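What follows is a short report on a single structure.
Coordinate-derived values only; no laboratory data. Note that this is a predicted model, so its numbers are computed, not measured. Backbone-built Cβ (ideal geometry, glycine too); neighbour counts: all protein chains shown.
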Number of protein chains: 4
Amino acid sequence: MVGGGDGAFIGAVHRIAARLDDCYEVVAGALSGNPERALASGTALRFDPSRCYADYREMARAESARPDGIDAVAIVTPNHLHAPVATAFLEAGIHVICDKPLGIATAEGEALAALARDRNRVFALTHTYSGYPMVRHARELVASGAIGDVRLVHVEYAQDWMAEAGPQSAEFQRTNWHNDPERAGPTGCTSDIGTHAFHLAGFISGMQPNELLAELHSFTPDRVLDDHVQVMLRYPNGARGMLWSSQMATGCENALKLRVFGTKASLAFDQENPNELWLTPQGGSAQRLTRGRVRGAAAERATRVPSGHPEGYLEAFAQLYRDAAARIHAIEAGLPVPAETADLPTVDDGVAGMKFIDAVLASDRAGSRWTALDIGSV
Amino acid sequence: MVGGGDGAFIGAVHRIAARLDDCYEVVAGALSGNPERALASGTALRFDPSRCYADYREMARAESARPDGIDAVAIVTPNHLHAPVATAFLEAGIHVICDKPLGIATAEGEALAALARDRNRVFALTHTYSGYPMVRHARELVASGAIGDVRLVHVEYAQDWMAEAGPQSAEFQRTNWHNDPERAGPTGCTSDIGTHAFHLAGFISGMQPNELLAELHSFTPDRVLDDHVQVMLRYPNGARGMLWSSQMATGCENALKLRVFGTKASLAFDQENPNELWLTPQGGSAQRLTRGRVRGAAAERATRVPSGHPEGYLEAFAQLYRDAAARIHAIEAGLPVPAETADLPTVDDGVAGMKFIDAVLASDRAGSRWTALDIGSV
Amino acid sequence: MVGGGDGAFIGAVHRIAARLDDCYEVVAGALSGNPERALASGTALRFDPSRCYADYREMARAESARPDGIDAVAIVTPNHLHAPVATAFLEAGIHVICDKPLGIATAEGEALAALARDRNRVFALTHTYSGYPMVRHARELVASGAIGDVRLVHVEYAQDWMAEAGPQSAEFQRTNWHNDPERAGPTGCTSDIGTHAFHLAGFISGMQPNELLAELHSFTPDRVLDDHVQVMLRYPNGARGMLWSSQMATGCENALKLRVFGTKASLAFDQENPNELWLTPQGGSAQRLTRGRVRGAAAERATRVPSGHPEGYLEAFAQLYRDAAARIHAIEAGLPVPAETADLPTVDDGVAGMKFIDAVLASDRAGSRWTALDIGSV
Amino acid sequence: MVGGGDGAFIGAVHRIAARLDDCYEVVAGALSGNPERALASGTALRFDPSRCYADYREMARAESARPDGIDAVAIVTPNHLHAPVATAFLEAGIHVICDKPLGIATAEGEALAALARDRNRVFALTHTYSGYPMVRHARELVASGAIGDVRLVHVEYAQDWMAEAGPQSAEFQRTNWHNDPERAGPTGCTSDIGTHAFHLAGFISGMQPNELLAELHSFTPDRVLDDHVQVMLRYPNGARGMLWSSQMATGCENALKLRVFGTKASLAFDQENPNELWLTPQGGSAQRLTRGRVRGAAAERATRVPSGHPEGYLEAFAQLYRDAAARIHAIEAGLPVPAETADLPTVDDGVAGMKFIDAVLASDRAGSRWTALDIGSV
């Protein structure tokens, strides 16, 4: 693991996710650039002191040299380090599980994609929400034609943690790396959670827009990056869409919601109630499909406990780790990529996210003009 | 009543609404342009045959001449007739209760507004949803500062009745006046339900946008007018907004939903569950405010039965009729407009709606450019 | 109308319900036993002064003698007057629409049933909740076999208006007739709302229990009658059930909820969301059936506006008035009872409710023993 | 681990729960009485072959003799083995984490409680639902007086997996140990899930009933034990309650729901939506309290990820494992029981559950008579 020391939320989440399905042992880390904190954080996690690194390059080198070296690395640093860290480990032959967004520029993302392909290493990107069984079931339903041709895609991701007023919070916002273009990249809310929303829309609808129009906004004067973005989408088949993402949405916790309307039926998913998916036929009655009860290979593969026993965010996260493990095993055994891991987000999804950010920026700077977007066949 | 014969849905609704609070008797009508059907429809409603008119001008003339003539007329015709019919009755000194939208052009709307003012007649516009107690309570909460400064306004109005495929439905769509610019005006979905959404956003938020950006769309090749519109909004105080309206939203019944996010709290209202309003303080717990239980003068005035005994669409409609009656009584008695009727939508709201349509059209034709909107102080 | 003067909630509701579908004119009343208040209340409703009575017997006599006398009377008095008032009007040949419960003793109920039958008069009992379209649809679904054989019936009706503490409330409770056995009958909560729950359970399940076990309780020391009742039910076919009713259920508004579990599917209805009905097949996904969208003759007959335009309590009430009007017309025309009025609750349902109260009392007094109940074929 | 081989659902759940918070390694087991299957199941979990036992007594002996022997054992056998297995391990000085119910008779439960106390070993009983943060918050709210004096406790636990008809299912039911008094104990549904409901009611309300009245029922002729139970409860303070549990509740997944009504407010919890808890003040608006957002020591201790990132059943289960680990560490270190583990269900809760079963049986056999229940101060 690189990053994630000192009680960082997402580092702890990655470790639980790695452990949950018993596919990994977490044994080494460059948890901090400060050697003392790296050692303290690592031994707190029961790493051998020799495997507590203060430099990720050193870690990549040393671990690849050990006979019992790590198979995969989890990258949970601020955004600007994703690409350099991932590059170091891929070059050392180590598989990568990287937090989103992929990085801070499309070019570095494309280089990573090429490198991962070249070295035949797994590069999993933790678009966590694609690990939910009902999200995978939604994707499967759309792909099967169950909702007909997709006409509308509405996705939103709203939080309120930046809406707090007061000096303490202002301080927090100034020092926080999410508001620093050097470390966060050229957008704020857009890359932090907008890319999740964008990925989810593509994951379920099976389509990518070829044009978008966007407005970035910051509600707080001293904030450099956007805390709010709204986007209109056009798809090659004539479908339309909207994406809204905000960290100023008073009262919202982690409100990632998707609706897809097809010619035959519509689907609705709310991340805060992830054990259910709503399917409404045209002119008909809404049905509440539930994890564990609904039939479908994709959902069943991602399900651990029976219906009515809720699974949550950590299980979704663990699912990505489990899928990545299956791919790593296959590669190490010289086998083809297992078909049942097709839902795992990879470096290619990361590149798509970077292109989305580029197009949003370009549209916004041009006064919200319609802007072309070419994501290809993710 | 003008229009609304032959089992027309909205005509029957107006009649129930007029009756519900015992403020009106429905005694005369030009229910059809065909004299025989006008007579048949009218006598079916127990009108005196002498008061079953085939021509609204004749009705305006005759009723204003009768000692027991009508005080007010309800106009439930297709859009293009709203202005001429209303003009005839206003000129005859008869108060008007008119279905939305106000008409098919801003100019005719402004002329109507001037005429109503000039003749000192009530001109109520049935933006029904503003009659719900919890909508009025929301407006009152925002005005009182309970949610702080408004930052975001999200409104959507989605139906699925135009999404039906098949020849029968296509036939219906071809013949339906909603798709005929001569009778519906220059937009379809936008004027039919988009204006309701626009009115509700302004009614609750207490603000009108001064800029918008829009895209109209029709998903059906043989449809002349839009069946789908999405709009971004900018407000003078820096707030942002989105408006989406569609009659192609598979599985949606009458899904008018509004969210307003302020600096202190957010509000959410869903027309299909009109007895509740959600209030969520920043960083806090959502509260389900309910009609009959919540304290507030506006809500209490619009409430007939105790909490837990649901009121619905017809009661909201009746509320507009009741408010209009109170204004009519005041005018006839030479009294000032009663303060408690301040929530009644009028011809001025209608003009605002026409300007909204104009701006949407202008933006769409300019490739979704940001377009100024000047609604004034509605 | 007898009773219901002075702003009494239920009197106003009856008048709106009578008006809503344009089946009645409300023209006469004995709104109070005090002549001055009877006159004042009546003229406030625009009754002719000659038709404002202070004595219901006088009203029955006078109205039956007038050529334009009333066809039907609405009885909205305290419980102990239901039977004497209804008797007077039935004997005068006037149809009766009576608030629930039917009275204060089974014997008087049975006498009323006999009298109504003997005089061939309509006797409608306002078990309001049976007027909801989705309740009627539920009944139709069960009768059609859609949920298989009924195994479980769970019904509850919870309110919190008696749970208020403090002297003002205690005062209210002392003076209120609901706590006076002379006027309310031998039970409190049980007859006030428990009978509604009992009727709804029978109405939808199509079954009546033949055994019950009950516990009455009063949480307030100075209250004579029960404010809380819980009942276990056994049905002839082996089904089981529970009925709970309380006016001490802190935080509950008017929470009447029913669940029926059959061998094939279950149904759930919540009176506070009356436009929907949940149908869940065994092992399957819950479906949200909605008023206006669901197909079914019973629901469609009781529906005024399209799906997504909520109807509520007043419309349900109006439905009973409409059904009663159809029966009255048929009787006056010498025609058979119209099949489409089969859902109207009558004096027989009232007798069933009285027997339910008797059995609850008997069981409670015997230490919650299983007690036989013979309701017959309602 | 004893039991839980061969893909048994609950064995896998225990292993994930043990792993999730990194408090345990699962290293040994008597997963089956068949030596070959015990070895195969164990090695599949990467146990050393020397630690794959076919006899739990042998396992207790051998593990207690090893220097690296297990600290604690998880017991996931059928009910009749809980007591003998737990006895063997307690006698070997090994802490116990045991599935519910505690056993098949009160006497064996009391003996276990005495033994655990005598040997100063932790005996955790996996009443999983008490591990949910919002359940613990509810308990804390009640204890703090936030809802006033408790008046009503309603709990239900409904599933539908026994409601399946047809020969396959009948086969399943015949062979299943849940229907075998030798292995399940004297009740079926009552001990399987009724005890969960009973525990939850006591856990949150902070009260135990001193009287109950019950009816057991089996809807399937060939079923020996109950598949349905309904119970009325009386509490020493005059409160009343109902408990319903069924495995024949068509369409229910794992519907454990609790409502507690106090003099000031009511609480409602639904296990299928475990990240929220509803608090409704008397006469006021319902509030949706959410995990991660609500303040409270008990909830915060049991929370891993921020609000809006749902936690579920496995996390609740893991919480019990984490609490047990904290107690084990304290005991091994000679420290007092940590105050923050006070919510952990123990052998005493198991004894309370056995007494509940006894009282239910006694009441049912006496024709649903009120029956005394003495649980003491759990």
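Rounded to the nearest Hz, the phi-derived 3J(HN,Hα) couplings of the stretch D:95-109 under the Karplus curve 6.51 cos²θ - 1.76 cosθ + 1.60 (θ = phi - 60°) are 5, 10, 10, 10, 5, 8, x, 4, x, 10, 7, 4, 4, 5, x, where x marks glycine and proline. Seen from B:Leu115, the other residues with C-beta closer than 15 Å to its C-beta sum to a net charge of -2, counting Lys and Arg as +1 and Asp and Glu as -1.
Counting Lys +1, Arg +1, Asp -1, Glu -1, what net charge surrounds C:Asn210 among other residues with beta carbon under 13 Å of its beta carbon? Don't jump to the answer; show the numbers that get you there.
On the way: positive: C:Arg234, C:Arg240, C:Lys355; negative: C:Glu211, C:Asp374.
Overall, the nearby charge balance is +1.
How high is the FRET efficiency from A:Asn176 to C:Glu340, r the C-beta distance, R0 45 Å, rounded to 0.05? The formula returns an efficiency of 0.10 here.
How high is the relative contact order of the stretch C:72-185, given as a whole-number percent (alpha carbon pairs under 8 Å, six or more residues apart)? Relative contact order, the stretch C:72-185: 27 percent. For trypsin sites (Lys or Arg not before Pro), the sites in the stretch D:25-81 that DSSP calls loop and that have at most 11 other Cβ atoms within 10 Å are D:Arg46. Between copies, the label points of C:Glu300, set 7 Å from Cα on the Cα→Cβ line, lie 4.0, 4.4, 6.0 nm apart, reported in increasing order to one decimal in nanometres. Normalised by the number of residues in chain D, the average gap of Cα pairs under 8 Å and 6 or more apart makes the relative contact order 20 percent. For trypsin sites (Lys or Arg not before Pro), the sites in the stretch D:269-339 that DSSP calls loop and that have at most 16 other Cβ atoms within 10 Å are D:Arg295. With neighbours defined as other Cβ atoms within 10 Å of a residue's Cβ, the residues A:Val360, B:Val337, B:Val305, C:Val347 order from fewest to most as B:Val337, B:Val305, C:Val347, A:Val360. Taking a ≥ b ≥ c as the square roots of the eigenvalues of the alpha carbon gyration tensor, the protein assembly as shown is oblate, as a/c is not under 1.5 and a/b does not beat b/c. In sequence order, the stretch C:320-327 has phi-based couplings of 5, 5, 5, 4, 4, 4, 5, 5 Hz under the Karplus curve 6.51 cos²θ - 1.76 cosθ + 1.60, θ = phi - 60°, and Gly or Pro positions carry x. Taking A:Val229, A:Val150, A:Val27 as the candidate residues, the one with maximal mean-square fluctuation in a Gaussian network model of chain A, Cα springs under 10 Å, is A:Val27.
Rounded to the nearest Hz, the phi-derived 3J(HN,Hα) couplings of the stretch A:261-272 under the Karplus curve 6.51 cos²θ - 1.76 cosθ + 1.60 (θ = phi - 60°) are 10, x, 6, 9, 7, 10, 10, 9, 10, 10, 4, 6, where x marks glycine and proline. Largest GNM mean-square fluctuation among D:Ala138, D:Ala83, D:Ala342, using chain D with Cα springs under 10 Å: D:Ala342.
With helices as the sole contributors, the protein assembly as shown gives -11000 deg cm²/dmol at 222 nm; each DSSP H run of n ≥ 4 counts as -39500 (n - 2.57), and the sum is divided by every residue. Sorted shortest first, the distances from the A:Glu182 label point to those of the same residue in the other copies are 6.9, 7.5, 8.8 nm; each point sits 7 Å from Cα along Cα-to-Cβ.
When chain C is turned onto chain A, the axis of that turn runs closest to one Cβ of chain C, and that residue with its distance in whole Å is C:Gln287, 3. Charged neighbours of A:Lys264, selected by a Cβ distance under 14 Å, balance to -2 (K, R count +1; D, E count -1).
Taking a ≥ b ≥ c as the square roots of the eigenvalues of the Cα gyration tensor, the stretch C:243-317 is classed as oblate, since a/c reaches at least 1.5 and a/b does not exceed b/c.
For C:Ser218, B:Ser363, B:Ser64, which order do you get if you count the other beta carbons within 10 Å of each Cβ and list the fewest first?
Listed from fewest to most nearby Cβ atoms, that is B:Ser64, C:Ser218, B:Ser363.
On full extension, the segment bounded by C:Glu211 and C:Ala40 gains 56.7 nm, given 0.36 nm per residue less the C-alpha separation.
With a 10 Å cut-off around each Cβ of C:19-29, the average count of Cβ atoms from other chains is 2.
Distances from D:Phe9 to itself in the other copies, using label points 7 Å out along the Cα-Cβ axis, amount to 3.3, 4.4, 4.5 nm in increasing order.
Remark on A:Leu256: its backbone amide H falls under 5 Å from those of A:Ala158, A:Gln271, A:Glu272, a criterion applied only to residues 5 or more positions apart or on other chains, H modelled at 1.01 Å from N. Only Cα pairs under 8 Å and 6+ residues apart enter the sum, and on that basis the relative contact order of the stretch A:9-121 stands at 18 percent.
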